[in-house]
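The values are calculated or read from the model by the stated rules, or taken from the named source; none is laboratory data. These numbers come from a predicted model, not from an experiment. A quick note on method: Cβ atoms are made from the backbone with ideal geometry, for glycine too, and the neighbour counts reach across all protein chains shown.
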Amino acid sequence: MQFFTSSETVVLSAKTCDRCGCHAKMAVDDAEFHEFLSVDRQAGYGSIFGDGNRLKLDLCQHCIKDVLSQWMTVSDQCQ
Ligand SMILES: [Zn+2]
């Protein structure tokens, strides 16, 4: 015998870049959506952002390149 319970599922369906405002909807073949850099974390003790404060950021791949590329290392897979 099996028993089932109904539940509501929340699924991420789109992202908007916090810098340029570009919007990408979730789709298996949508590179723009999948190449976002997303940060969602709680600052810890001693953080310059304030202990316990929440840090959230979504950047599209174009803004990642524009803003962070000077410090990034881009290499082939598995290196
Ligand atoms: Zn952007």
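Of the residues making up region 47-74, those that are out of contact with any Leu (no Cβ under 9 Å at 6 or more places or on another chain), more than 18 Å from V11 (Cα to Cα) and of a type outside the set (D, E) number 14. For region 6-30, residues that are surrounded by 10 or more Cβ atoms within 10 Å (Cβ to Cβ), farther than 14 Å from C63 by Cα, out of contact with any Lys or Arg (no Cβ under 6 Å at 6 or more places or on another chain) and of a type outside the set (K, R) total 3. Residue under question is F49, and the condition is that it be touching a Lys or Arg at 6+ places or on another chain (Cβ under 6 Å) and of a type in the set (F, W, Y); does it hold? Judged against the criteria, F49 is not a match. Would you confirm, using the coordinates I've provided, whether D66 is at pLDDT below 95, within 18 Å of the chain's Cα centre (by Cα) and within 16 Å of the ligand (Cβ to nearest atom)? No, not satisfied. Condition check: more than 16 Å from the ligand (Cβ to nearest atom), touching a strand residue (DSSP E or B) at 6+ places or on another chain (Cβ under 7 Å) and part of a loop (DSSP other than H, G, I, E, B). Does F49 satisfy that? It is true that F49 is more than 16 Å from the ligand (Cβ to nearest atom), touching a strand residue (DSSP E or B) at 6+ places or on another chain (Cβ under 7 Å) and part of a loop (DSSP other than H, G, I, E, B). Consider region 22-46 and keep the residues that are small (G, A, S) and either within 11 Å of the ligand (Cβ to nearest atom) or in a helix (DSSP H, G or I) (or both). The one that is farthest from V11 (Cα to Cα) is A31.
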